[in-house]
Amino acid sequence: MVLSLPQATSPLAGVVKVPGDKSLAHRAALFAALAEGESEVANYPDSGVTRAMRGALDSLGVPSSLEGGVLRIKGNGMRPFPNSGATAYCGNSATTIRLLAGAVVATRSTAVLDGSEGLRKRPMDRIVEPLRQMGANIRCKGGCAPLHISPAPLEGIGYDLPVASAQVLSCLQIAALGAEGESRFVVNAPVRDHTTRMLRAMGAQVADAGREVFVEGLEKPLAPLHGTLPGDISSAAFLFAAAAIVPGSRVTVEGVGVNPTRTGVLDVLSRMGAKVTLANEREEMGESVADITLAAAQLRAVEISGDLVVRSIDEFPAIAAVAAFAEGRTEVHEAKELRYKETDRIAAIVAQLRALGAEVEEFDDGFAVQGGTLKGGTARANGDHRLAMSMALCGLRAPVSVEGAEILNESFPGFVPTLGSLET
Ligand code: S3P
């Protein structure tokens, strides 16, 4: 599919909602499968990546239903998954394969975890190595999927994560639930802490002391989950980016998760000059939720590095699109992890903005965008849902077509109609 958004001739305005948070959805399905009893989770998003987790759990013998946005799963507890030896296909979803690996290990199950060609290229040694230190029996080639996992007893470990990754930390936290004794994990940046919050709400002994996380092997079953998922800030980011790009816009997204480990994009857009306000703050499933309004203003370039990179790790395609319309040169550093996402996102952002005529520079650990230089043209999504949406956003201010844009259904199938509803 080739996507060309009409260039905006007037400000964007309106109040909209976005689907439930994908990170929380992955965890809710998986942890519900590990609980005793039936879980019910509302506002559950239906997209490519969330189907990956549900499909993989189904292959392992724990089916779920999704009707009217409500996910229902009858948990199998911490017993081995019913379909011993099955291959669970995780599609394009790294969160699915990495978190599921922790659960297969913790439950002493036998399984093969595999995925798309793209997923097979992403690094799994970052989980395999520490899982083996815990005692797990995992075979794989070159540190990549497929992962062949066989049952083995696990011991709690102390482990300093060499990369600031919530997927790695979560995988290890889940595995630690099935280990003997206590585990201690140290992470050097504020990665998203949804796993800690959700597991604690289900009765697990998980303590978060700054950059140290302690997990006790489970002594009693996990309680089932009941609640409503907050809206996905990672989807809302594209609507905020659109509002920031189109002068005079004012857009509100209601019921968005504002966990501080995820709100880096709001800080970046504020620093670029946009006016961001939060209203009606409340709690859902142990997570902070708010209605967020972004009002456009003159945009200026910013420098982004350090913790702010981690807190906006998925939002750089959207940030790069906004930077293309800001005054000055935006620079991103200390962001090498972007090379290990759905694509090498540093190379992809640089190549696609360049294809649209923008002046960009690639660094080993980031990129720079000179605002005001983008002219228009044809960009390619390269199998990356976030790249598809962010390049399409450039079309609000220049003639842009995005090839391969159907990939956006992986995460935000309602992107085009939601954006369309904001036209005035
Ligand atoms: C995620 C963590 C991040 C993020 C991904 C979802 C999660 O990956 O990029 O989209 O749900 O834990 P890393 O942990 O590899 O940084």
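The values are calculated or read from the model by the stated rules, or taken from the named source; none is laboratory data. Keep in mind that what you see is a predicted model, and the values were worked out from it rather than measured. So basically every Cβ, Gly included, is an ideal-geometry build from the backbone, and we count neighbours across all protein chains shown. Only protein heavy atoms, including side chains, enter the accessible area calculation; ligands, DNA and RNA are left aside. Shrake-Rupley method; radii C 1.70, N 1.55, O 1.52, S 1.80 Å.
Calculate the translational D of the range 93-212 in whole µm² s⁻¹ from Stokes-Einstein, where the hydrodynamic radius comes from the Kirkwood formula applied to all Cα pairs, the temperature is 25 °C and the viscosity 0.890 mPa s. Using the Kirkwood radius from Cα pairs, D works out to 172 µm²/s. Under conditions of 20 °C and 1.002 mPa s, the range 22-228 yields 130 µm² s⁻¹ as its translational diffusion coefficient, taking Rh as the Kirkwood radius over Cα pairs in the Stokes-Einstein equation. Hey, what D do you get for the chain in µm²/s if you plug the Kirkwood alpha-carbon radius into Stokes-Einstein at 10 °C and 1.306 mPa s? Diffusion coefficient, whole number: 73 µm²/s.
Near the amide H of Ile304, within less than 5 Å, lie the amide hydrogens of Glu331, Val332, His333, all on another chain or at least 5 residues away, with H placed in the peptide plane. Phi angles across the range 200-217 convert, under the Karplus curve 6.51 cos²θ - 1.76 cosθ + 1.60 with θ = phi - 60°, into 3J(HN,Hα) values of 5, 4, 8, x, 6, 8, 10, 10, 10, 10, x, 8, 10, 10, 10, 10, 8, x Hz, Gly and Pro given as x. Using only side-chain charges placed at the Cβ, +1 for Lys and Arg and -1 for Asp and Glu, the dipole size of the range 22-228 relative to its Cα centre rounds to 480 debye. Ellipticity at 222 nm from helices only: DSSP H runs of n ≥ 4 in the chain, each -39500 (n - 2.57), divided by the residue count, give -9000 deg cm²/dmol. Electrostatic bookkeeping for Gly273 treats Lys and Arg as +1 and Asp and Glu as -1; over the other residues with beta carbon under 10 Å from its beta carbon, the sum is +2. For the chain, the per residue solvent-accessible surface stands at 36 Å², with DNA, RNA and ligands left out and a 1.4 Å probe. In order along the range 52-66, the phi-based Karplus estimate (6.51 cos²θ - 1.76 cosθ + 1.60, θ = phi - 60°) of 3J(HN,Hα) comes to 4, 5, 5, x, 5, 5, 4, 4, 7, x, 10, x, 9, 10, 9 Hz; Gly and Pro are listed as x. Note on the chain: with charges restricted to the Cβ of Lys and Arg (+1) and Asp and Glu (-1), its dipole about the Cα centre is near 500 debye. For the chain, with all protein chains in place and a probe radius of 1.4 Å, 48% of the accessible heavy-atom surface sits on carbon or sulfur.
Global dimensions of the range 261-375 from alpha-carbon coordinates: Rg and Dmax equal 14.7, 44 Å.
Per residue, the convex hull spanned by the Cα atoms of the range 43-132 measures out at 91 cubic angstrom. At q = 0.11, 0.14, 0.15 Å⁻¹, work out log10 I(q)/I(0) for the range 154-267 with the Debye formula, treating every Cα as an identical point scatterer and leaving solvent out; two decimals please. After summing over all Cα pairs, the log10 values are -0.46, -0.67, -0.74. Per-residue 3J(HN,Hα) values for the range 108-124, derived from phi via the Karplus relation 6.51 cos²θ - 1.76 cosθ + 1.60 with θ = phi - 60°, read 6, 9, 10, 6, 10, 10, 9, x, 5, 3, x, 5, 5, 8, 7, x, 10 Hz in sequence order (x marks Gly and Pro). Report the paramagnetic label zone for Asp58: residues of the range 74-95 whose backbone N is under 13 Å from a point 7 Å from Cα along the Cα-to-Cβ axis. The answer is 89-91. Of the residues Ala86, Val253, Gly143, the one whose Cα sits farthest toward the positive end of the charge dipole of the chain, with +1 on the Cβ of Lys and Arg and -1 on the Cβ of Asp and Glu, is Ala86.
Its Kirkwood hydrodynamic radius, worked out from the mean inverse distance over all distinct Cα pairs, puts the range 324-424 at 13.9 Å.
Looking at the range 135-209, none of the GluC sites (Glu not before Pro) sits in a DSSP loop with at most 15 other Cβ atoms within 10 Å of its own Cβ.
For Glu36, the shell of other residues with beta-carbons less than 11 Å away shows a net charge of +2, using +1 for Lys and Arg and -1 for Asp and Glu.
Put simply, the amide H of Gln205, placed in the peptide plane, has neighbours under 5 Å in Glu216, leaving out anything fewer than 5 places away on its chain. Summarising the amide proton neighbourhood of Glu180: residues at separation of 5 or more, or on other chains, whose placed amide H is nearer than 5 Å comprise Leu154, Glu155, Gly156. Of interest is the spacing of the C-alpha centroids, which for the range 124-155 and the range 277-294 amounts to 38 Å.
Which entries in the list Lys22/Lys74; Lys17/Lys220; Lys22/Lys275; Lys220/Lys336; Lys74/Lys220 go over 28 Å, if you measure between the two C-alpha atoms of each?
Lys17/Lys220; Lys220/Lys336
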